[in-house]
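The values are calculated or read from the model by the stated rules, or taken from the named source; none is laboratory data. These numbers were taken from a predicted model, which means no experiment stands behind them. Positions of Cβ are generated from backbone atoms using ideal geometry, with glycine treated the same way; all protein chains shown enter the neighbour counts. Areas reflect the complete protein model, heavy atoms only, side chains present, ligands, DNA and RNA absent. Shrake-Rupley method; radii C 1.70, N 1.55, O 1.52, S 1.80 Å.
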Amino acid sequence: MAKITTSTLLKMKQSEEKIAALTAYDASFASLFDSVGVHVLLIGDSLGMVLQGGDSTLSVTNEQIAYHTKSVRAGATNALVIADMPFMTYYNETETMRNAHELMAAGANMVKMEGGDWLYSTIKQLTKNGIPVCGHLGLTPQSVNVFGGFKVQGRDNQKALEMIEHAKGLEAAGASLLVLECVPSDLAKAITDAIAIPTIGIGAGNQTDGQILVMHDMFGISSGYIPKFSKNYIELTGDMRKAVSLYIEEVQSGDFPDESRSFN
Ligand code: KIV
């Protein structure tokens with residue numbers, strides 16, 4: 001596999017080749033995922049839950065994401081590395097620039113931020129300064145207290161139309177990629193068709209341009225709540241490399257996620 005860049009991901013969308021992404025937090029797993037052929041590695045603020053044992057992502061700091069980004073960078077050869085911007089690290093231009101710079105300097109190829117129209121000018125500013133951005137719409141976990149829990153988003157017509165508009169706006173502002181989390185499959189497809197940049201789904205059906213899972217969910221080692229959209233690939237294969245390989249295969253064939261792991 002050659003080095004994955006934003007142009008590679010765009011070409012994959014155009015040629016209808018699905019993108020397989022996983023979260024990663026250290027060099028060893030980054031290296032394993034990269035060697036099996038995962039296209040995108042995300043240092044997610046999910047680390048607040050799966051590494052630190054918290055019940056949300058809100059306590060994660062920029063410094064912690066930078067630390068794990070440096071580790072993932074050390075293990076990744078070809079995969080594109082995306083670092084999540086944690087809660088309240090992009091609330092104004094100065095903070096955003098400083099924090100995004102820290103993540104890029106730690107080895108990220110792109111930063112990810114959660115939100116819609118309020119991010120347009122921030123994204124313009126970042127891309128103007130050479131920092132590619134991945135958007136994130138739907139269930140944006142940093143807003144869990146606004147949503148009143150981890151709930152599927154965009155089920156009512158007005159919210160669905162608003163999400164489509166925000167996806168178009170994020171693309172127009174310069175975003176290179178868009179994560180769609182916990183949204184009905186039909187809405188994820190409508191967004192995927194409405195924009196030229198690739199969409200990566202998690203709990204968003206199988207018609208997005210790619211899929212992402214939290215690695216602990218894919219290995220079946222998350223404690224407590226296991227999301228409906230997740231799949232335990234270790235149970236199916238009994239081996240980490242085979243698990244990742246089967247995940248990539250099922251993402252690319254469209255077999256993952258099936259109806260039982262999607263929302264209406
Ligand atoms: O933090 C994270 O791991 C994420 C993915 C679930 C997309 O944002």
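In the chain, helices alone account for a calculated mean residue ellipticity at 222 nm of -12500 deg cm²/dmol, with every DSSP H run of four or more residues adding -39,500 (n - 2.57). Two numbers describe the Cα atoms of the stretch 95-194: Rg and Dmax, which are 13.8, 41 Å.
Taking the centroid of alpha carbons for each part, the stretch 94-113 and the stretch 115-182 are 18 Å apart.
Loop-located trypsin sites (Lys or Arg not before Pro) in the stretch 145-200 (DSSP state other than H, G, I, E, B) with a sparse environment of at most 16 neighbouring Cβ atoms within 10 Å: Lys151, Arg155.
For the stretch 36-86, the alpha-carbon coordinates run over 31, 19, 14 Å along the three principal axes, in decreasing order. The label point for Arg155 and the one for Thr127, both projected 7 Å from the Cα toward the Cβ, are 3.3 nm apart.
Loop-located GluC sites (Glu not before Pro) in the stretch 1-88 (DSSP state not H, G, I, E or B) with no more than 15 neighbouring Cβ atoms inside 10 Å: Glu16, Glu17.
Quick check: at a probe of 1.4 Å, how many percent of the accessible area of the chain sits on carbon and sulfur atoms? Carbon and sulfur together cover 51 percent of it. Taking 8 Å as the Cα distance limit and 6 or more residues as the minimum spacing, I'd like the relative contact order of the stretch 47-150 as a percentage. Rounded, it is 25 percent for the stretch 47-150.
Result for the chain in a Gaussian network model with C-alpha springs under 10 Å: among Ala83, Ala27, Ala204, the largest mean-square fluctuation is at Ala27. Within the chain, no whole DSSP H helix has Cα atoms reaching 27 Å or more along its own axis together with a mean Kyte-Doolittle score of at least -1.0. Heavy atoms of the protein chains alone define the surface here; on that basis the stretch 73-179 has 44 Å² accessible area per residue at 1.4 Å probe size.
Full extension of the chain between Met97 and Glu259 gives 54.3 nm of extra length, using 0.36 nm per residue less the Cα-Cα distance. Along its three principal directions, the equivalent ellipsoid of the stretch 114-264 from the Cα gyration tensor extends over semi-axes of 27, 17, 15 Å, largest first. For the chain, the relative contact order is 18 percent, taking Cα pairs closer than 8 Å that sit 6 or more residues apart in sequence and dividing their mean separation by the residue count. Checking every one of the chymotrypsin sites (Phe, Trp or Tyr not before Pro) in the stretch 63-110 against DSSP loop status and a limit of 16 other Cβ atoms within 10 Å picks out Tyr91.
What percentage of all Cα-Cα pairs in the stretch 1-160 are separated by more than 23 Å?
Working: 5015 of 12720 pairs.
Within the stretch 1-160, distances greater than 23 Å cover 39 percent of Cα pairs.
Take the Cα atoms of the stretch 139-215, build their convex hull, and give its volume per residue in Å³.
Values: hull volume 7.4 nm³, N = 77.
Cα convex hull per residue, to the nearest whole number: 96 Å³.
For Cα pairs less than 8 Å apart in space and 6+ apart in sequence, what is the mean separation divided by the residue count of the stretch 107-161, i.e. the relative contact order in percent?
On the way: 44 pairs, mean separation 18.1, N = 55.
The value is 33 percent.
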